[in-house]
1. log₁₀ I(q)/I(0) of region 541-637 at q = 0.25 Å⁻¹, via Debye over equal Cα point scatterers, no solvent, to two decimals?
2. Under a crude label model (7 Å from the Cα following the beta-carbon direction), how far is Leu248 from Gln183 in nanometres?
3. What percent do you get for the relative contact order of region 396-467 when only Cα pairs under 8 Å and 6+ apart count?
4. Using Cα atoms only, what is the angle between the long axis of helix 370-379 and the major principal axis of the chain, expressed in degrees (0 to 90) to the nearest 10?
5. Add -39500 (n - 2.57) for each DSSP H run of 4 or more in the chain, then divide by its residues: what number comes out at 222 nm, to the nearest 500 deg cm²/dmol?
6. Assigning unit charges at the beta carbon (Lys, Arg +1; Asp, Glu -1) and nothing else, what dipole magnitude in debye, to the nearest 20, does region 319-473 show about its Cα centre?
7. Where does region 457-568 land on the Kirkwood hydrodynamic radius, alpha-carbon pairs, in angstrom?
8. Distance cut-off 31 Å, Cα to Cα: go down the list Lys123/Lys192; Lys192/Lys585; Lys90/Lys161; Lys413/Lys473; Lys105/Lys161 and report the pairs above it.
Amino acid sequence: MKKRLRPTPLIGLKSLLVVSFAIFSAHIVNAETLSVSSPDGKITVNVSNDKALSYNVVVDGSPLINTSRLDLKLDGVKSLAKQPVIVSSKTDSVQETLTPEVRVKSATIENTYNQLVVNFDNKISLNFRAFNNGVAYRFETHVDGNITVNTEVAEFNFTPKANVYYPEEEGFYSHNERKYIFQSISDIDKKKLASTPALVDTGDIKVVITETGLEDYPGLWLLGNSKDGLHATFAQFPLEKAPEAPWLDRNEPITKRANYLAKTAGQRTFPWRVFAIARNDAELITNQLTYQLAAPNRIGDTSWIKPGKVAWDWFNSNNLYGVDFKAGVNTQTYKYYIDFAAQYGIEYVILDEGWYPLGDLLGTVEAMDVPAIIAHAKSKGVNIILWASWLTLRDQFDAAMDRIAELGAVGIKPDFFQRDDQEMVNFYWKIADAAAQRHLMVDFHGAYKPAGLRRTYPNVISREGVRGMEWNKWSYDVTPEHNTTLPFIRMVAGPMDYTPGAMSNAHGPLSYQGADPDYQDFAPRFDRPMSQTTRAHQIALLTVYESPLQMMADTPTQYQRESESTTFMAKVPTVWDQTLALDGKIGDYLAVARRSGEQWFIGAINDENARTLKLNLSFLPTNKTYQITIIQDGINAEHWAEDYKKITMEVTSKDILDMSMAPAGGYTARISPQ
């Protein structure tokens, strides 16, 4: 017996509409296949109970994900791996408009999908949603009392010819700041562990595998089968830990784990397993499934949450020059940062590591008069965000959170988590909730990828979990190719606090492939770091990379010396009303256009190969004249990475411009109505 459930017609545009119908069957024992398709009919998910619960995904009439098993193994509950019995099934069609409290990509999101819910006789349900740009599924349990989740089976079987951009890890104890290693899926075995998101390239289709709605449960990781597939794995619940010298305030590796993933409520939904699907690479830039599927706002009023840019201290090691005081972690240095931020209209200054005695968030440092610093900031219209080690925060939680709020800070940057087991995931939620109660924004560092918390608690305004600019202090890893890979994978999961804006720019060895491979002027320097890109590339990153709290990494005296670059960056918004992906290829280049009000901003970045892209301005309103201010690579940027050129001229929607980029180069522009 086979029943194919056709999606119902979608009607209505702006309000929520749910049209549903159901097929109820009493204990269907025979093998059955149920299907749901995307609203445009181009993506179909088939769910089968033949011998074991499995699914497959078809895109444009061709298999994308081949038959793959699913199961949620609960203690004392019948498995779905052996002859699962379907009790009933139902489909819904939903069309609604979402209005994000924090506008990462757009002011509104059209949330349109068809849904299949399958109910089994063991009190477990499976929910699949099919969108025009992806698929997601989650389990739901209907068990009285608490349950123990022993393991979860999730297979993602493709074709042996597929390749994967794989963020390989050494273990579950990790900052999740990885390189995306391009390799054949058949080369990934059961010992090659990776965090998520990861991207599978089948040749015709690209699929980003990630998750959202992660709450009271461990995060999703991946292993391979040495053939054609990946499968889920998870960090088991921690039982014993051992603080690690010399960093006793932040490092607490797990020494013993339980034989289960989570003990949790029996009546609940589980995280969504998300497949963001794109036929061309640029489509991934506007994919918002991780937001659409996450639980809605739980904190009510969000008017106090203010996105903006941050003058950051740690990347540049608090280095100042041309001043009449000794720069460092002291009151005078931070007042200088505040004056700089006020000069350029930068909304925030962060006090990173050093403002309190390590290990005691309630203590004081003699050289740091934090109340005076915050009072000075408020007098200048600048607000302060305070850093904290997660372990010290945990041990002094209520008192520390109260102190941060009482000092007058508006945000907290907790750091060095390095885990995403159930216990640690719950601590993220605890921080988000306690911060919201005190009207504090949160920027998680040393953190796992965004997984839905940002929608439920919009005060979670950004997150690291990315190999960002700081890696230039000690490595060659943050190459132009790395920079042009991140938006297509890591940024699909959500905002990423990469911390762009370096004013010391140089070329690494990759920038000269095919020219002079021995030439480079980049070197890792901890206290005077530089980028492996051109200046124009760095400025463009503020438009290309999404982070509602965008940290500007360099030192105030560097920014004041390079005032033209700084003035341009200071005018780039951190949230957007509209995003257009103009052109892109993973690891090679990306060009985006983003709108804030009536202004448009263009950002384009390049790998190690020089190229020219076309900027077609047809997205501008017709019959209007605009002024465009361009920052582009200078004629000598190929050898002197700090060389750039500023151009100002009039344009209309009929114009097509050349975006010429040097190796490791970039192009950025601000377009304003006349």
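1. -1.51
2. So the two model labels end up 3.9 nm from each other.
3. Once divided by the residue count of region 396-467, the mean separation gives 32 percent.
4. Between helix and principal axis, roughly 80 degrees.
5. Only helices count here, giving -4000 deg cm²/dmol.
6. The calculation lands at about 460 debye.
7. 14.7 Å is the Kirkwood radius here.
8. Too far apart for the 31 Å limit: Lys123/Lys192; Lys90/Lys161; Lys105/Lys161.
The values are calculated or read from the model by the stated rules, or taken from the named source; none is laboratory data. Since this is a predicted model, take the numbers as computed values, not measurements. Neighbour counts are summed over all protein chains in view; Cβ atoms, including those assigned to glycine, are modelled from backbone coordinates with ideal geometry. The accessibility values were calculated without ligands, DNA or RNA, using every heavy atom of the protein model including side chains. Shrake-Rupley method; radii C 1.70, N 1.55, O 1.52, S 1.80 Å.
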